1. Is the range 56-63 home to any residue that is touching a residue at least 40 places away in the same chain (Cβ under 8 Å), among the polar types (S, T, N, Q), open to solvent by 40 Å² or more (accessible area, probe 1.4 Å) and not in a loop (DSSP other than H, G, I, E, B)?
2. Looking only at residues that are in contact with an Asp or Glu (Cβ under 7 Å, 6 or more places away or on another chain) and open to solvent by less than 60 Å² (accessible area, probe 1.4 Å) in the range 135-165, which one is modelled with the highest pLDDT?
3. Tell me, which residue of the range 83-109 that is part of a loop (DSSP other than H, G, I, E, B) and touching a residue at least 12 places away in the same chain (Cβ under 8 Å) is most open to solvent (accessible area, probe 1.4 Å)?
4. In the range 40-55, what residues are open to solvent by 70 Å² or more (accessible area, probe 1.4 Å) and within 24 Å of Thr137 (Cα to Cα)?
Amino acid sequence: MNYRLPLFTFPVLAIIMLGSGCSTVPTSDSAITQAQAPAPPNQPMILVEMQSPEKGTRSTQKIPLHAAPTLQAAVDQSRVESKYKRFHIAISRFPQHQGGQPQKLISQYDHHAGQIPYEYDYQLQAGDRVVIVEDSTSSVDDIFGSILAPLRMASGRAPVDKSPF
């Protein structure tokens, strides 16, 4: 049986589907996202500390661990890319044994790709402190650094792009 629908069937169905679906979407700007919702008490948190040595500013932010389980998620949640063009990043973690030294996990941020490489995207734990320090170098410093780095190393001086950690 070869039954054909009239030509106006598809446009009518599309209008009905689009018209009925839009009524359930909230239109207010005051809708609270999951990341902005107030955290319940006694929830595991991480601390994100942002430093700018040249400006002399320092700010901290507490983020729930469930909202930022990895270092990349913590960078996204803290919106550090909108504050700094380039930065260095590390994690300070409480010692696993009583009386031990805190662990320092130094990471890297690829400012060209805008993300942390997978091999440096550490899993965060409750109580971790993520330290982000602004990097004041530019693309010109990258060019001259790649040219002059072997000469600086041969003379025994530190490389230009050395991490502050």
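1. no
2. Looking at residues that are in contact with an Asp or Glu (Cβ under 7 Å, 6 or more places away or on another chain) and open to solvent by less than 60 Å² (accessible area, probe 1.4 Å), I get Thr137.
3. It comes out as Lys85.
4. Within the range 40-55, Pro53, Glu54, Lys55 qualify.
The values are calculated or read from the model by the stated rules, or taken from the named source; none is laboratory data. Please read all numbers here as calculations on a predicted model, not as lab measurements. Counting neighbours? That spans all protein chains shown, and the Cβs are built from the backbone with ideal geometry, glycine included. Just so you know, the surface numbers come from the protein's heavy atoms only, side chains and all, with ligands and any DNA or RNA stripped out. Shrake-Rupley method; radii C 1.70, N 1.55, O 1.52, S 1.80 Å.
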